[in-house]
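Structure, as structure tokens:
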Amino acid sequence: MLAYVVRRLLWAIPVLLGVLIAVFIGLHVVPGNVAQSIAGAHATPAQIRLLTHQLGLDKPLWDQFWVYFVQIVQGHFGTSLQYHNAVAEDIGQAFPITLQLTIAAFIIAGVVGVLAGVLAAAFRNTWLDSLIMVFVLVGISMPIFWTGVMLILALGVDFPMFPFSSVITAGTVLPHITGLPLVDALLSGNLAAAGDAFNHLVLPAITLATYPLAFITRMTRGAMIEVLSQDYLRTARAKGLRERSVVWKHALRNASLPIVTVLGVQVGALLSGAVLTETIFAIPGIGRLMIQAILFRDYPLVQGIVILAACIFVLINLLVDLIYARLDPRIRYS
Amino acid sequence: MKTTWQRFVTLAAAVVILGAAAGCGTQTSSAPQSKGPVQGGTLSIEVSADPVGLDPATTLDNDSGYVLGTLYDGLTAYAPGSTKVVPGLAKSWQITNGGKTYIFTLRQGVKFSDGTAFNAQAVAFWVDHLINPKNPDYYGNLKGAETFVPFTFGNVTGTQVLGPYKIAINMSQPNGEFLADLAMVWNGVTSPKMLKTYGTDAWQHPSGTGPFEFVRWVKGQYVEVKANPNYWGGKPHLSEILFKIIPDQSTQLLSLKTGAINILTDVAPSEIPTIKAAKNLTLLAEPGLDDNYVSLPVQTPPFNNPLVRQAVNYAVNKQAIDQHLYGGYAQVMNSPLPTVAFSYDKSIPAYPYNLQKAKQLMQQAGYGKGFNFTMDVYNNARGYNPIGGPELAVAIQSDLKAIGINLTLNTLDPATWLAQARSNSFNKMSLAGWTGDNGDPDDMISPLFNGNAFLTGNFSHYSNPTVNQDFAKALLTSNSAQRAAYYVQIQKQIMKDAPAIFLNYTNLMRAETSNVHGFVPNPTFFYVNMNQVWLSK
Amino acid sequence: MALPIAELQGEESKVTSPTSEGQRAWRHFRRNGGAVIALVALGIVVLAAIFAPWLAHQSPYAQNLSQALQAPSGAHLLGTDEYGRDELARVLFGARTALGTGLIVVAISLTIGTLWGMLSAFYGGIWDMVLMRVADVFMAFPFLLLALMIVAALGPGLVQAEIAIAITYMPVYARLVRSVGLGLKSLEFVQAAKSVGARDATIIRRHFLPNLLPTLLVQATLNIGTAIIDVAGLSFLGMGVQPPTADWGAMLSDGQNFILTSPWLVLAPGIAILIVVLAANLVGDGLRDALDPRQRHQA
């Protein structure tokens, strides 16, 4: 088991290296000069040359990559070109905020999605099933930015129940413990701030959850229908087990494999969705940082974010496989 | 549509339950008007991104500038709502030595927010850290920073302290726009203690003499500043200003509508109908320091023919564009200089919309059948063009079609657009524009139409020897009347040579909630004189 | 916004003649009411796209600034936008952009992804390992980040956005094809064909492709919908479709500035997207049910 995990993690090294090379080359062939971006529209050519030199951008690409690679191996991610912060510091601030949003969305999508999927399957071909499936299909068919703005309009403006920008009311000072605003507020015992952070989380989390929610519902329903029609469940029913117990205890456990796969895939999708959600709701997370960084050609920052994303991808895949093994005794990793 | 609304009803129900669990929602305030200025209150201003830094010497982006205007003062200042230069931290000044020495008499009893006294020594240190690379706190020690320092202090050789509150600044050659430069937010005087204590970290520990003092900057969320009760220009009415960072346009507008922000910094013309329709919002529009035009490659056929350049100027219906695309908040250019710039000549005629004349000029030039050409287009909204490049380009494309010119639009992201247009080999038409920094004509049009500025803003590669000489002479003169005379000649010649399709001066637009009083936008774009603003309760 | 991955289980066991399989699937599909309605809706949208120039009274590009932001009326059934362009004309022409986007993205990603997966499955060994690690590299990027970087490199625009989204989809097809291919490869008839000396190309053409078809068809149908949504997301960030192209995603994001005063500008393209993506999803589901042998007796 441990050997398996270690081997998987070793396997990740070539993937991460590939990602690193791909993003480095990708960024440096992109037209548009970062020194130009920094210096602004009013800069003289001399100023741009000076900046280019200061940033080491006049060196051969191979040299630049080597310098960067050595840095990375030593655990340094460099300094943002647009802002003067260390990349690690920027990412360290933004990531917990995205994490909070993603977890919230994931909980909504996972819990509601699995519940709805099981219900739809249990009441297959009834009005409840149809109703759930209509919601699901609409959820999959709406662009996320559109969902977000409609939610803001409905629950932020017309019936103003929730704030719709940032993660907490300006001026609230929280100790930096985990970096997740809601968690920090709870840990420091500041209940008013926790309520405030929760309110700020509601609309973006629902927005981000829409698509995975729909997707998880659909997959759960499919997997459950499959399992419910299996012979051993028919036998269980024939033996007089109550339907509720059949559905929730036996069927769901057996349907959990494909559901876990989908959950794993959806975590990756959440990170992409976070880009749009964070832009709409003015949330200072990784997604927004990434857009800014790409538009500005802020190489070190983009590279840092890509590496982080790739690591998350590797870890989630590993996690999904390990959960597989827990759920299905037939799967053994060695 | 029905399903959409059904969905919202359900979502709303879910949300009500969650919200009830959390215990509270947001609150909005609406208040009765009161007569005089009210003390206290927090004003929230929208900015679309984080400032890059809060040390004026090492930043150049608008988002930093908005905050800097509240924290720092320059030796000179702009009068409220104008680019007229008035005394700032310097009470008065004399120009001697043929325009090469400026002697400033400083205000007394002023302190920086970190408690350091403001005096001639402080100014001497400040100037030295801008011009002397050997100074351990040289501003250039922060690598990769954007800066306006070479622009203002490029000619400055040093200072002489003439008394506790008297200082001379010496230059190698005269700089006609120096006083205007000093009023810019980028030239706010910084505390010597701040520079010495924090070194290359000074950008996040700002300390100035301005009407507000820095409190905190939560990255990605807001910058908070509080009133400086001892401000020399009068204690601010507000107790605090929050600069809230909101990137998305729809969210900005909706935040203004609910009162989550009080001032919307970037108003797009498409937002005007909504702002006007809302009872609690006011639109503020005034002429800005903006030129919005199309550069024509004057060294490339067929635009090397002045008749063709004039023809396209007649062919574009600028009036209609102003009225409809810019909601009437723009004015047709009759000079390369915007109306609020020093020496602007309003007597110069603009090119009116005249399709007949345009066709006739095309015939005369031998292009009666028209031609095909490419125009580069930036794909975002810019300060001088708030509707965005592609939208404007489409209108120009359809107007030029009427005289047989088939325009291919080459849409680029801003970084690429700028990098390509700023090259010696650039030979396409391009959307272009400029926002002035200090109201001075040299800053405004020399980068656009001077023969030495191909790599800055002169995408047309226009180089008229007479104009080039006049630019040089005007900059070496500190006599206003004489400078103005040079710039009037320059304006006339450029309009005649038509190296551009002169479109419009767009307005500087902001919007405020109706409880904001005393706010006057400054043409330089930034939040200065904010001590005069107050909020009714 | 991820890629729905068509369910794979059980594909290995299905080895039948494609023609009779197709007829059987069609019979099954026809019985699925929702899917048939969706197919008809898609058909109508396709017709609208083809006949857009005849259906629209105005050009979708003709600006008439004096007619800007008119509410829906007899002259403009869906009102006008901020440039006085007829919204109905733009929605109709937008159907071309949308369907074109869906088809182009799917065509590119399907072709390259299938080749990729087939090489990996068929040749195995070092080929398989290298190709799948490359797929891992692609998939390790959040797809929007990858798409944004590609667009930054190619410049903003419809075609560039389509290419970018297609590239992010490729590895999904590659993996899908590989897993189906691996199952097929071990089957007796393929082994038999190999042993009698059939050329690789022949085996791929005769045996692999026909058996891959159902899986690919389902995935492709679903991706037509996701491609439209994803390109709309890029347009929302200013990196996708550029004006004046009539595109639903761009119309939706532009229209948001007028949401309080001219709501029709977001309703029309929003509903149009909803219909097409919904239809693509329903057809995709219908196809899966019809083509998946295990679901046959459950309906």
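The values are calculated or read from the model by the stated rules, or taken from the named source; none is laboratory data. What you see is a predicted model, and the numbers here were worked out from it, not measured in a lab. Every residue, glycine as well, gets a Cβ built from its backbone with ideal geometry; the counts of neighbours run over all protein chains shown.
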Next item on the list: Output yes when any residue across the range B:245-253 is small (Gly, Ala, Ser), more than 17 Å from B:Leu68 (Cβ to Cβ) and modelled with pLDDT under 95, and no when none is.
Entry: yes
Next item on the list: Answer yes or no: is there a residue in the range A:204-223 that is out of contact with any Ser or Thr (no Cβ under 7 Å at 6 or more places or on another chain), closer than 23 Å to A:Ile140 by Cβ and charged (D, E, K, R).
Entry: yes
Checklist line | Meets criteria (farther than 24 Å from B:Thr70 by Cβ, of a type in the set (Lys, Arg) and either in contact with a Ser or Thr (Cβ under 8 Å, 6 or more places away or on another chain) or crowded, with 22+ Cβ neighbours inside 10 Å (or both)) for B:Lys166 | finding: yes
Next item on the list: Quick one: B:Gly388 ticks every box in (1) over 25 Å from B:Pro273 (Cα atoms); (2) among the small types (Gly, Ala, Ser); (3) modelled with pLDDT under 90 except a single one, so which number is it?
Entry: (1)
Notebook entry, point to check: Which one of B:Tyr505, B:Tyr486 is out of contact with any His (no Cβ under 7 Å at 6 or more places or on another chain), among the aromatic types (Phe, Trp, Tyr) and either surrounded by fewer than 23 Cβ atoms within 10 Å (Cβ to Cβ) or assigned to a helix (DSSP H, G or I) (or both)?
Noted result: B:Tyr486
Notebook entry, point to check: Going by the structure shown, is B:Ile169 among the aliphatic types (A, V, I, L, M), within 14 Å of chain A (Cβ to nearest Cβ) and in contact with a strand residue (DSSP E or B) (Cβ under 6 Å, 6 or more places away or on another chain)?
Noted result: no
Next item on the list: Take C:Thr101 and decide whether it is hydroxyl-bearing (Ser, Thr, Tyr), touching a helix residue (DSSP H, G or I) at 6+ places or on another chain (Cβ under 6 Å), crowded, with 23+ Cβ neighbours inside 10 Å and closer than 19 Å to B:Ile387 by Cα.
Entry: no
Notebook entry, point to check: Among strands (runs of 3 or more DSSP E) lying entirely in the range B:35-93, which contain 3 or more residues that are more than 22 Å from A:His84 (Cα to Cα) and touching a residue at least 24 places away in the same chain (Cβ under 8 Å)?
Noted result: B:42-47, B:76-78
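Results for (1) at pLDDT below 85; (2) farther than 18 Å from A:Ala116 by Cα; (3) surrounded by fewer than 17 Cβ atoms within 10 Å (Cβ to Cβ); (4) touching a Phe, Trp or Tyr at 6+ places or on another chain (Cβ under 7 Å), shown as yes or no for each residue.
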| site | (1), (2), (3), (4) |
| --- | --- |
| A:Leu186 | no, yes, no, no |
| A:Asn190 | no, yes, no, no |
| A:Ala194 | no, yes, no, no |
| A:Leu201 | no, yes, no, no |
| A:Ile206 | no, no, no, no |
| A:Tyr211 | no, no, no, no |
| A:Arg221 | no, no, no, no |
| A:Arg234 | yes, yes, yes, no |
| A:Arg237 | yes, yes, yes, no |
Next item on the list: Sort through B:Gln397, B:Gln310, B:Gln319, B:Gln323 and tell me the only one that's more than 28 Å from the chain's Cα centre (by Cα) and of a type in the set (S, T, N, Q).
Entry: B:Gln310
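Yes or no, residue by residue, for (1) farther than 22 Å from B:Asp55 by Cα; (2) not hydrophobic (A, V, I, L, M, F, W, C):
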{"residue": "B:Pro164", "(1), (2)": "yes, yes"}
{"residue": "B:Ile167", "(1), (2)": "yes, no"}
{"residue": "B:Phe178", "(1), (2)": "no, no"}
{"residue": "B:Lys196", "(1), (2)": "no, yes"}
{"residue": "B:Trp217", "(1), (2)": "no, no"}
Notebook entry, point to check: Does the range B:60-91 hold any residues that are within 13 Å of chain A (Cβ to nearest Cβ) and at pLDDT 90 or above, and which are they?
Noted result: B:Asp63, B:Ser64, B:Gly65
Notebook entry, point to check: Can you pull out the helices (runs of 4 or more DSSP H) entirely within the range C:73-166 that have at least 1 residues that are more than 14 Å from every other protein chain (Cβ to nearest Cβ) and farther than 30 Å from C:Ala49 by Cβ?
Noted result: C:87-123, C:125-140
Check: If you take just the helices (runs of 4 or more DSSP H) that sit entirely in the range C:197-299, which of them hold at least 3 residues that are within 26 Å of C:Val159 (Cα to Cα) and β-branched (Val, Ile, Thr)?
Finding: C:209-236, C:264-291
Next item on the list: With the condition kept exactly as written, say whether any residue in the range B:384-392 is more than 14 Å from chain A (Cβ to nearest Cβ), touching a residue at least 60 places away in the same chain (Cβ under 8 Å) and among the charged types (D, E, K, R).
Entry: yes
Check: Only one residue in C:Ser109, C:Ser66 is of a type outside the set (Asp, Glu), more than 20 Å from B:Ser270 (Cβ to Cβ) and out of contact with any Asp or Glu (no Cβ under 9 Å at 6 or more places or on another chain), so which one is that?
Finding: C:Ser109
Check: Which of the following residues is within 21 Å of B:Pro465 (Cα to Cα), within 13 Å of chain A (Cβ to nearest Cβ), of a type outside the set (Ser, Thr, Tyr) and touching a helix residue (DSSP H, G or I) at 6+ places or on another chain (Cβ under 9 Å): B:Asn424, B:Asn438, B:Asn450?
Finding: B:Asn450
Next item on the list: Identify, from the list C:Ala272, C:Ala250, C:Ala290, the residue that is touching a His at 6+ places or on another chain (Cβ under 6 Å), surrounded by 21 or more Cβ atoms within 10 Å (Cβ to Cβ) and touching a residue at least 12 places away in the same chain (Cβ under 8 Å).
Entry: C:Ala290
Check: What number of residues within the range B:75-114 satisfy the criterion of being among the acidic types (Asp, Glu) and surrounded by 20 or more Cβ atoms within 10 Å (Cβ to Cβ)?
Finding: 0
Item checked: Qualifying positions in the range B:459-476 - surrounded by 18 or more Cβ atoms within 10 Å (Cβ to Cβ) and touching a residue at least 60 places away in the same chain (Cβ under 8 Å) -> B:Phe459, B:Ser460, B:His461, B:Tyr462, B:Ala474, B:Leu475
Notebook entry, point to check: Name the residues in the range A:31-86 that are more than 9 Å from every other protein chain (Cβ to nearest Cβ), in contact (Cβ under 8 Å) with a residue 24 or more places away in the chain and assigned to a helix (DSSP H, G or I), would you?
Noted result: A:Leu61, A:Gln64, A:Phe65, A:Tyr68, A:Phe69, A:Ile72
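To keep it simple, each residue is scored yes or no on (1) within 27 Å of A:Leu20 (Cα to Cα); (2) in contact (Cβ under 8 Å) with a residue 24 or more places away in the chain; (3) within 14 Å of chain B (Cβ to nearest Cβ); (4) over 26 Å from the mean Cα position of the chain (by Cα).
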| site | (1), (2), (3), (4) |
| --- | --- |
| A:Glu226 | no, yes, no, yes |
| A:Thr261 | yes, yes, no, no |
| A:Ser272 | yes, no, no, no |
| A:Pro284 | yes, yes, yes, no |
| A:Gly287 | yes, yes, yes, no |
| A:Tyr299 | yes, yes, yes, no |
| A:Val320 | yes, yes, no, no |
Next item on the list: Determine, yes or no, whether C:Arg27 is at pLDDT 80 or above, basic (Lys, Arg) and closer than 30 Å to C:Gln242 by Cβ.
Entry: no
Next item on the list: Keeping to the range B:246-270, report how many residues are within 14 Å of chain C (Cβ to nearest Cβ) and either more than 24 Å from the chain's Cα centre (by Cα) or in a helix (DSSP H, G or I) (or both).
Entry: 12
Next item on the list: Give the number of residues within the range B:271-309 that are away from chain C (no Cβ under 14 Å) and either of a type outside the set (D, E, K, R) or within 24 Å of C:Tyr83 (Cα to Cα) (or both).
Entry: 26
